[in-house]
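Trainee: Before we start, here is the structure in question, set down as structure tokens.
The values are calculated or read from the model by the stated rules, or taken from the named source; none is laboratory data. On a predicted model such as this, the values are computed, not experimentally measured, just so you know. Counting neighbours? That spans all protein chains shown, and the Cβs are built from the backbone with ideal geometry, glycine included. Heavy atoms of the whole protein, side chains included, go into the accessibility calculation; ligands, DNA and RNA do not. Shrake-Rupley method; radii C 1.70, N 1.55, O 1.52, S 1.80 Å.
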Amino acid sequence: MALAPESVKKLAGLGAEIGIEAGAGDKAGFRDSDYTAAGAATMDRATLLSGADIVTCVNRLEADDYSKLKPNTVIIGFLKPLDDPAGLAPIVNKQLSAFALELVPRITRAQSMDALSSMATVAGYKAVIDAAERLPRLFPLLMTAAGTIPPAKVLVLGAGVAGLQAIATARRLGAVVEAYDVRAAAGEQVKSLGAKFLEVDLGGIQTEDKGGYAKELSEEALQRGRDMVAKHAATSDVVITTAQVPGRRAPLMLTEQAVQNMKPGSVIVDLAASTGGNCALTKPGEEIQNNGVTILGPLNVPATVPFHSSQLYSRNLTSFLALIIDKGALKIDMQDEILKGACVAFQGGNVHPKVAAALGQPVA
Ligand code: NAD
């Protein structure tokens, strides 16, 4: 759910009137009565769309929603401009305006709008819980009258926001944790959480872009990572994979052979399943067994923790909205670094280069 009741009050403070699609908050634990008590009006989807100046959403709108919008309506949400730019054609063709939260630059001023980090935090936590539930072993070291049980060993691949949260969660459950990331800067963060950072000699190549994201690596560099990962996966009980490169297929880190060499009963949770997966055997959206190893390829983990995912997302959106609403009126300064960065299209212009290229338009 894009807006939680707590955000309604904040947005009303900006002078905005809030409409909520009736029943839309039910699955997140927000009742229509919570919204009306906070000062919003609930209504059917068509009425809502035809009257809105701004539409906030989690994922893209449905195809037949666009025709109901007023000209110049602003759409804000996870719009997948890098993964599926062609799917944004209705926004450009109808001269609507849209901002994609996944494009918000990761600068200090935009930290409160960082919805990718919010969702990654939830996903990293839940991946460990899902693994623990399936693992036929306990996580913590236990010293019992029946003898000692050693702690589970967890390997985390990719130590960005999701990976770090997975490390912290696995540590809280008592596991021994190792982690790997191509960005050397991740090493300190991994160690500060009490995990061991695995290093691979990549020959001093640049692994990070200026936005702080990992770059796509050469096949040789990837192979060095895979060899090291295979060695450590063979002795791990759980492998959580989170490695992503924005706008590209997720890097392959765990080969079929590496999975064959894992212990029976071990569990892999591939959080990169939606962008192709870090494990060669992952089936996106499915849970499979291979040679005694359970492999989960969840596609939308935050949706399995709907209350807090919605609450965090709603706070991120509310911060973004505070940038474009002034005393109840829309005020969009396209010189603002955050708005420029997040823009998919603005009143028919400012089309994001990837979207323009996918639609066969000249790239600005
Ligand atoms: P992401 O989801 O794009 O990727 C997850 C992790 O996978 C990254 O740490 C990346 O380095 C790693 N990775 C990619 N290819 C790999 C490979 N071949 N082998 C091993 N690891 C690989 O990243 P993210 O979690 O969104 O975060 C990316 C960076 O942005 C991090 O440095 C994070 O700390 C930083 N960040 C900054 C801010 C901010 O300043 N506001 C907010 C959030 C994140």
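Trainee: Restricting to the range 106-122, what's the tally of residues that are small (G, A, S), near the ligand (Cβ under 9 Å from one of its atoms) and farther than 14 Å from S309 by Cβ? Break it down stepwise before answering.
Mentor: Keep residues of the range 106-122 that are small (G, A, S), which gives 110, 112, 115, 117-118, 120.
Adding the requirement that they be near the ligand (Cβ under 9 Å from one of its atoms) leaves 110, 117, 120.
So of that shortlist, the ones also farther than 14 Å from S309 by Cβ come out as 110.
Count: 1.
Trainee: Same structure, new question: Condition first: open to solvent by 30 Å² or more (accessible area, probe 1.4 Å) and either assigned to a helix (DSSP H, G or I) or of a type in the set (S, T, Y) (or both). Now tell me which residues in the range 1-12 satisfy that. Give the steps one after another, and end with the answer.
Mentor: Going through the range 1-12, the residues open to solvent by 30 Å² or more (accessible area, probe 1.4 Å) turn out to be 1, 6, 9-10, 12.
Listed by number, the residues that qualify are E6, K9, K10, A12.
Trainee: Just give me the residues in the range 225-246 being open to solvent by 30 Å² or more (accessible area, probe 1.4 Å) and within 10 Å of the ligand (Cβ to nearest atom), in sequence order.
Mentor: Those that are open to solvent by 30 Å² or more (accessible area, probe 1.4 Å) and within 10 Å of the ligand (Cβ to nearest atom): Q244, P246.
Trainee: Quick one: would you say I91 is out of contact with any His (no Cβ under 8 Å at 6 or more places or on another chain), within 25 Å of P353 (Cβ to Cβ), β-branched (V, I, T) and in a helix (DSSP H, G or I)?
Mentor: Yes: the conditions hold for I91.
Trainee: While we're looking at this one, here's another question. Within the range 63-83, count every residue that is assigned to a strand (DSSP E or B) and farther than 16 Å from L317 by Cα.
Mentor: Filtering the range 63-83 for residues assigned to a strand (DSSP E or B) gives 74-77.
Keeping just the survivors that are farther than 16 Å from L317 by Cα gives none.
Here the count works out to 0.
Trainee: Restricting attention to the range 186-228, report how many residues are of a type in the set (D, E), within 23 Å of A280 (Cβ to Cβ) and either in contact with a Ser or Thr (Cβ under 8 Å, 6 or more places away or on another chain) or modelled with pLDDT of 85 or more (or both). Walk me through how you get there before you give the answer.
Mentor: We begin by selecting, within the range 186-228, every residue of a type in the set (D, E); these are 188, 199, 201, 208-209, 216, 219-220, 227.
Filter once more, keeping what is within 23 Å of A280 (Cβ to Cβ): 216, 219-220, 227.
Now narrow it down to the ones that are either in contact with a Ser or Thr (Cβ under 8 Å, 6 or more places away or on another chain) or modelled with pLDDT of 85 or more (or both): 219-220, 227.
Number satisfying all stated conditions: 3.
Trainee: If we scan the range 36-48, do we find a residue that is over 20 Å from D326 (Cβ atoms), surrounded by fewer than 18 Cβ atoms within 10 Å (Cβ to Cβ), charged (D, E, K, R) and in contact with a helix residue (DSSP H, G or I) (Cβ under 6 Å, 6 or more places away or on another chain)?
Mentor: no
Trainee: Does G187 qualify as being over 25 Å from the mean Cα position of the chain (by Cα) and more than 10 Å from the ligand (Cβ to nearest atom)?
Mentor: Working: over 25 Å from the mean Cα position of the chain (by Cα): no; more than 10 Å from the ligand (Cβ to nearest atom): yes.
Criteria not met by G187.
Trainee: Considering only residues that are in contact with a Lys or Arg (Cβ under 9 Å, 6 or more places away or on another chain), open to solvent by less than 10 Å² (accessible area, probe 1.4 Å) and either more than 10 Å from the ligand (Cβ to nearest atom) or among the aromatic types (F, W, Y) (or both), which ones fall in the range 167-184? Break it down stepwise before answering.
Mentor: Kept after step one, since they are in contact with a Lys or Arg (Cβ under 9 Å, 6 or more places away or on another chain), are these residues of the range 167-184: 169, 175-179, 182.
With open to solvent by less than 10 Å² (accessible area, probe 1.4 Å) added as a condition, the list becomes 169, 175, 177, 179.
Residues satisfying the conditions are T169, A175, V177.
Trainee: Could you grab me the full set of residues in the range 13-28 that are open to solvent by less than 50 Å² (accessible area, probe 1.4 Å) and in contact (Cβ under 8 Å) with a residue 24 or more places away in the chain?
Mentor: Within the range 13-28, the first condition is being open to solvent by less than 50 Å² (accessible area, probe 1.4 Å), and the residues that meet it are 14-16, 18-20, 23-25, 28.
Answer for the range 13-28, where residues must be open to solvent by less than 50 Å² (accessible area, probe 1.4 Å) and in contact (Cβ under 8 Å) with a residue 24 or more places away in the chain: L14, G15, A16, G19, I20, G25, A28.
Trainee: If only one of N261, N290, N278 is at pLDDT 95 or above and more than 18 Å from V156 (Cα to Cα), which one is it? I'd like the intermediate steps shown before the answer.
Mentor: Details: N261 fails: more than 18 Å from V156 (Cα to Cα); N278 fails: more than 18 Å from V156 (Cα to Cα).
Just one listed residue meets the conditions, N290.
Trainee: With the requirement that a residue be open to solvent by 60 Å² or more (accessible area, probe 1.4 Å) and within 12 Å of the ligand (Cβ to nearest atom), what does the range 192-207 give you?
Mentor: E199, I205
Trainee: Among the residues of the range 120-137, is any free of Cβ contacts under 8 Å to residues at least 40 places away in the same chain, surrounded by fewer than 21 Cβ atoms within 10 Å (Cβ to Cβ) and not charged (D, E, K, R)? Spell out the reasoning first.
Mentor: Applying the first criterion (free of Cβ contacts under 8 Å to residues at least 40 places away in the same chain) to the range 120-137 yields 133.
Then keep just the ones that are surrounded by fewer than 21 Cβ atoms within 10 Å (Cβ to Cβ); that gives 133.
Narrowing the set further to residues that are not charged (D, E, K, R) leaves none.
No, there is no match, as no residue in the range 120-137 is free of Cβ contacts under 8 Å to residues at least 40 places away in the same chain, surrounded by fewer than 21 Cβ atoms within 10 Å (Cβ to Cβ) and not charged (D, E, K, R).
Trainee: Quick check on my filter: what residues within the range 330-357 are open to solvent by less than 50 Å² (accessible area, probe 1.4 Å) and either more than 22 Å from L14 (Cβ to Cβ) or modelled with pLDDT under 95 (or both)? Break it down into steps so the answer makes sense when it comes.
Mentor: Looking only at the range 330-357, we keep the residues that are open to solvent by less than 50 Å² (accessible area, probe 1.4 Å), and these are 332, 334, 336, 338-339, 341-346, 348-349, 351-352, 355-356.
Listed by number, the residues that qualify are V344, A345, G348, G349, V351, H352, V355, A356.
Trainee: Which residues, taken from the range 269-289, are outside any loop (DSSP other than H, G, I, E, B) and either over 14 Å from the mean Cα position of the chain (by Cα) or without any contact (Cβ under 8 Å) to a residue 24 or more places away in the chain (or both)?
Mentor: V269, C279, E287, I288, Q289
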